[in-house]
Amino acid sequence: MSTDVRTAMAGNTTHIGLDRLRLDERNPRLPERLRGSDQATLAAYLEKTADAFQIAESIVDNGYFGTEHIVVMQHPSDKDTFVVLEGNRRVTALLGLSDEAFRLAFSKPARWHSIAAQGGISTTSLVPTVIVSSREEAAPMIGFRHFTGIKKWRAFEQARYVKYLVEDEGMTIRNAAKLMGASSVKVGNAYRNLEILEQARNLPGVPTETVAAAEDEFSLITVAMANGALREHVGAPLASQLKVGEPPVPHERTPELEELIGWIFGAGDARPPVVKESREIGTLADVVADAAGRAALRQSRDLAHAKQAVQEAHEAEHGNEALAVGRQINSSVRILESLEKRLRGMSDADRAKLRNEAASLLHLAQRISSTVERSTARVR
C-alpha cells in the first residue's frame, strides 16, 4: 500500500497491532551513538528526553485520538513489522503503557506502573497508521512539521534530518529547504553545524563524552557558528559557501576546532568547559578574536581571566599602563587565592614538593612590592 501522506492523513488509514511496530533507530531525536540499539534502549532514551510520559498520561486520561496517525513503512528485513517514521514518541508511550519490559528500562518505572494499570493498552492493541512505501515519501510531511511547523524539533534533530535528506536522499540544500518550507541559509547552517560536530567526533583530542555533551547541547554549536569571530577561528564557511561532501573545517584548522569544542563542552575531567551558558558565547568570541585573550584562555581555561586579559591589552595599547598592570595584579591575586584553596586540600608530603616554587613566588612578590614602594617614596 502506498499513498500520498497528506491524502492518507485526511482519513485513508489502517490499523496495525502495537507488537508489530518498531521504533526507528534513525529517528532524528535519537543520537548517532544509539544506532543498532535494541527497542528497549531506544524507548528508554525517548522516554527520558522527549516527554513520552506526558503523552502516556494524556492517553490514559483522554484515550488515544484516532486522528493522531502513526506513519510507518514496512521493515526492510522483517516484512511482518513496520518501522515508525513519524510518531515515535507516541509509540514509546504506548509501549510503556502496554509492556512491563519497556517500563523497567525507563528512568522512573514506578510512575509508569501506576498509570499502566489504568490505560487498558496491551501489546496487541490496534494503532491507527498510515503506511508509506519509503522514507522519501514521508519526508515532506515530517520535514515541514518538525522544521517549520507546530512541532519543531531541537536544533540537533533538525540538523540530523537535513543530513538525511542531503546525503541519503541526494537532495541539494536548496531543495531540502524548499521541501521543509525553510530558508536555504537556515538549512545550510544546520547541515554545516552537524558536519562540524562530525569532524570533531573524529579528532583524537575530543573524548566520547564531549561529543555526547555536544549532541545534547547542540544549540551551543548553532550559536557559536552564528558568530563571525568563532567561525573565522575554525575556518568554517557561510552557508552560501558550503560545499556538500567536503569537510567544513579545513584540515589545517582542526586544532582550533578541537580547542573550540573543548572550550564549549569540555574535554574530560581535567579540562572542564569554560562556557557555562549560551549567553557567554559572545564573551568567548571576544576573547578568541584577540591574541592576548586567546593566549590567556589557553593558559588558564578561565573565561573571566581571559576577558580581563583582553581589557588589559587594550588599556596598555592605549597608554593606560598603570590601570592595565593593576588589573593584571588583581587577576594574579585571584589565581593565587584559588591555588591556596587547592593547597589546603593537599597532603603535607605533596605540599612539601612545592617548596621551591613557593619560594620563587615569594621572591617575585617581594621584588614587585619593593619596586612599587621605591616609586612611591620618590613620588612623595
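Given the alternatives (i) 84, 47, 44; (ii) 192, 48, 37; (iii) 94, 50, 34, Cα extents along the principal axes in Å as computed for this entry is given by (iii). Would you work out what percent of the accessible area of segment 181-235, with all protein chains in place, is carbon or sulfur (probe 1.4 Å)? Roughly 53 percent of what the probe reaches on segment 181-235 is carbon or sulfur. Taking the longest Cα principal axis of the chain as reference, the axis of helix 52-62 is set at about 40 degrees.
Rolling a 1.4 Å probe across the protein heavy atoms gives the chain an accessible surface of 54 Å² per residue. For trypsin sites (Lys or Arg not before Pro), the sites in segment 260-310 that DSSP calls loop and that have at most 15 other Cβ atoms within 10 Å are K276.
Computed about its Cα centre, the charge dipole of the chain is approximately 880 debye, with only Lys, Arg, Asp and Glu carrying charge at their Cβ. Among the trypsin sites (Lys or Arg not before Pro) in segment 52-137, those located in a DSSP loop and surrounded by at most 16 other Cβ atoms within 10 Å of their own Cβ are K79. For segment 17-112, the alpha carbon convex hull comes to 96 Å³ per residue, rounded to a whole number. Rounded to the nearest 20 debye, the dipole magnitude of segment 92-212 is 500 debye, with +1 charges on Lys and Arg beta carbons, -1 on Asp and Glu beta carbons, and the Cα centre as origin.
Between H314 and K108, the modelled label-to-label distance comes to 4.6 nm, taking each label 7 Å out from Cα in the direction of the beta carbon. Selection among L197, I221, G235 by position relative to the dipole of segment 195-239 gives G235 as farthest towards the positive end (Cβ unit charges, Cα centre). Its Cα centre serving as origin, segment 173-235 has a Cβ charge dipole (Lys and Arg +1, Asp and Glu -1) of approximately 440 debye. Summarising the amide proton neighbourhood of T129: residues at separation of 5 or more, or on other chains, whose placed amide H is nearer than 5 Å comprise T14, H15, I16, I70. Taking only protein heavy atoms and a 1.4 Å probe, the accessible area of segment 47-125 is 47% carbon and sulfur. Antiparallel beta bridges, as assigned by DSSP with both residues in the chain, represent about 55 percent of the total such bridges. Among the GluC sites (Glu not before Pro) found in segment 243-288, those both in a DSSP coil and sparsely packed, with 15 or fewer other Cβ atoms within 10 Å of their Cβ, are E277. Once both labels are positioned 7 Å from their Cα atoms along Cα-to-Cβ, the gap between L126 and Q241 label points is 5.9 nm. Amide hydrogen proximity for M171: with H placed 1.01 Å from N in the peptide plane, the residues at 5 or more positions away or on another chain lying under 5 Å are V166.
For the pair T208 and S369, a Förster radius of 51 Å applied to the C-beta separation gives a FRET efficiency near 0.60, rounded to the nearest 0.05.
The values are calculated or read from the model by the stated rules, or taken from the named source; none is laboratory data. Here the structure is a predicted model, which means the values were calculated and not measured. Ideal geometry is used to build each Cβ from the backbone, glycine not excepted, and the neighbour counts take in all protein chains shown. Just the protein is used for accessible areas: all its heavy atoms, side chains included, with ligands, DNA and RNA removed. Shrake-Rupley method; radii C 1.70, N 1.55, O 1.52, S 1.80 Å.
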